[in-house]
1. Could you grab the pairs with beta carbons closer than 6 Å, sequence gap of 6+ or different chains, first residue in region 107-120 and of a type in the set (Asp, Glu), second one surrounded by fewer than 20 Cβ atoms within 10 Å (Cβ to Cβ)?
2. Quick check on Gln16: is it crowded, with 17+ Cβ neighbours inside 10 Å and more than 24 Å from Ile155 (Cβ to Cβ)?
3. Among the residues of region 21-36, what is the count of those that are surrounded by 12 or more Cβ atoms within 10 Å (Cβ to Cβ) and either in contact with a Gly (Cβ under 9 Å, 6 or more places away or on another chain) or under 27 Å from Glu304 (Cα atoms) (or both)?
4. Identify the single condition in (1) buried (at least 18 other Cβ atoms within 10 Å of the Cβ); (2) under 17 Å from Gly75 (Cα atoms) that Gly206 does not satisfy, given that it satisfies every other one.
5. Could you list, ordered by first residue, the pairs with Cβ atoms under 8 Å in which the first is in region 278-296 and under 19 Å from Arg154 (Cα atoms) and touching a residue at least 60 places away in the same chain (Cβ under 8 Å) and the second is of a type in the set (Lys, Arg) and within 11 Å of ligand 2 (Cβ to nearest atom), at least 6 apart or interchain?
6. Can you give me the ranges of the helices (runs of 4 or more DSSP H) entirely in region 1-117 with at least 2 residues that are under 19 Å from the mean Cα position of the chain (by Cα)?
7. Quick check on my filter: what residues within region 137-156 are within 16 Å of ligand 2 (Cβ to nearest atom), of a type outside the set (Gly, Ala, Ser) and either surrounded by fewer than 22 Cβ atoms within 10 Å (Cβ to Cβ) or under 17 Å from Gly222 (Cα atoms) (or both)?
8. If Ala290 satisfies all but one of (1) part of a helix (DSSP H, G or I); (2) small (Gly, Ala, Ser); (3) more than 14 Å from ligand 1 (Cβ to nearest atom), what's the number of the condition it fails?
Amino acid sequence: MTIDILMPRPMLPIVQEQLDARYTVYRLYEAEDPDAMLAEIGPKVRGIAMAFGPVNAALLSKLPNAEILSSFGVGYDHINTDDCLAAQVMVTHTPDVLTEEVADTALGLMLMTVREFGQAERWLRQGNWEAKGPYPLTQGTLRGRTLGIFGLGRIGKAIAARAEAFGMSIRYFGRRRQDDVTYPYHERLVDLAKACDTLMVVAPGGPETHHAVNADVLEALGSNGIIINVGRGTVVDEAALTEALKAGTIQGAGLDVFEAEPHVPPALLELPRVTVLPHVGSASQATRNAMGQLVVDNLNAWFETGKAVTPVPEMGG
Ligand code: NAP
Ligand code: 8YV
């Protein structure tokens, strides 16, 4: 008996090929009339494979026999897990396989931001080195910096290990102190910001963390302060960040994620000590393939054994 899978948006070849070999895959993005397709095939769908886009009761009501949503990526703030629990749809994500890649990106972004490597490269490419002389000395240095980690989870810990090797001291904030961690803990984000000069945001998105990094936190970070965001764009109040950078309340920002991707506010791009990346934290071929394989493995395990490999925490992961 065939199992019907919904794929709302294109996925990597490694996912598509394996799912095609085993299931009947309905590609919503290829339909001339996606609503009509959903109305027709929705009741047959037992599994969903997807990367992003909102998942809520409205979508689930069209998929009354869905059993599992296998999501590409570790962050799942776009998925309403309460609605999925109510609809008895298992939700899985792709933790661990991307941890080291994202930590590498975070360190690269931090170095680029503090030492203005992107700007310095543009200086060379634009012929300024020859025409005007060396790139100006950077106000920032990594030497003597204290890294405050907002979200000391899998990726946060991998970032901390790297930052220690760079000679940084580490502190952290989360919802609770972690007994097996020796870094100093702060109960409030604003206190972490006061105690560090480099704030690394690697917390999940969603209502609980929405705009947690606000004007007060930026003020507390101070004029030598650098913020790096590899978590979710919504965690940082982008308007407050832009103002803080303009006013010199903080020194610089390195951002891999934004509030309304792929839109990046032009006001942010005009500022001199801002480094931006287009959400490439996990974006190597090898790591994305490992994530894709886990999407497939979760579906296969579910339909073979009734158990998922990597359920989200709300579903027992
Ligand atoms: P994780 O292991 O679950 O770590 C998340 C950390 O955030 C935990 O230490 C948790 O600590 C803390 N946290 C969660 N909710 C919080 C809240 N409301 N307030 C304060 N702290 C909170 O997840 P991970 O694998 O490290 O991934 C973290 C995030 O990175 C993902 O959710 C995703 O948004 C982002 N990410 C981005 C990229 C990229 O390409 N830029 C790639 C992968 C992941 P407590 O439980 O102690 O609060
Ligand atoms: C992915 C990410 O780019 O895993 C995450 O949470 O943000 C990235 O690894 C994204 O999920 C792909 O949609």
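1. Once the first residue is of a type in the set (Asp, Glu) and sits in region 107-120, its partners that are surrounded by fewer than 20 Cβ atoms within 10 Å (Cβ to Cβ) give Glu116/Thr138.
2. yes
3. Initial filter on region 21-36 (surrounded by 12 or more Cβ atoms within 10 Å (Cβ to Cβ)): 22-28, 31, 34.
Going one step further and asking which of them are either in contact with a Gly (Cβ under 9 Å, 6 or more places away or on another chain) or under 27 Å from Glu304 (Cα atoms) (or both), we end up with 22-28.
The number of residues fulfilling the criteria is 7.
4. All conditions pass for Gly206, except number (1).
5. Ser282/Arg288
6. By residue number, 99-115.
7. Answer for region 137-156, where residues must be within 16 Å of ligand 2 (Cβ to nearest atom), of a type outside the set (Gly, Ala, Ser) and either surrounded by fewer than 22 Cβ atoms within 10 Å (Cβ to Cβ) or under 17 Å from Gly222 (Cα atoms) (or both): Phe150, Arg154.
8. Only one criterion in (1) part of a helix (DSSP H, G or I); (2) small (Gly, Ala, Ser); (3) more than 14 Å from ligand 1 (Cβ to nearest atom) is unmet by Ala290, namely (3).
The values are calculated or read from the model by the stated rules, or taken from the named source; none is laboratory data. Everything numeric here is computed off the predicted structure, so don't read it as measured data. Counting neighbours? That spans all protein chains shown, and the Cβs are built from the backbone with ideal geometry, glycine included.
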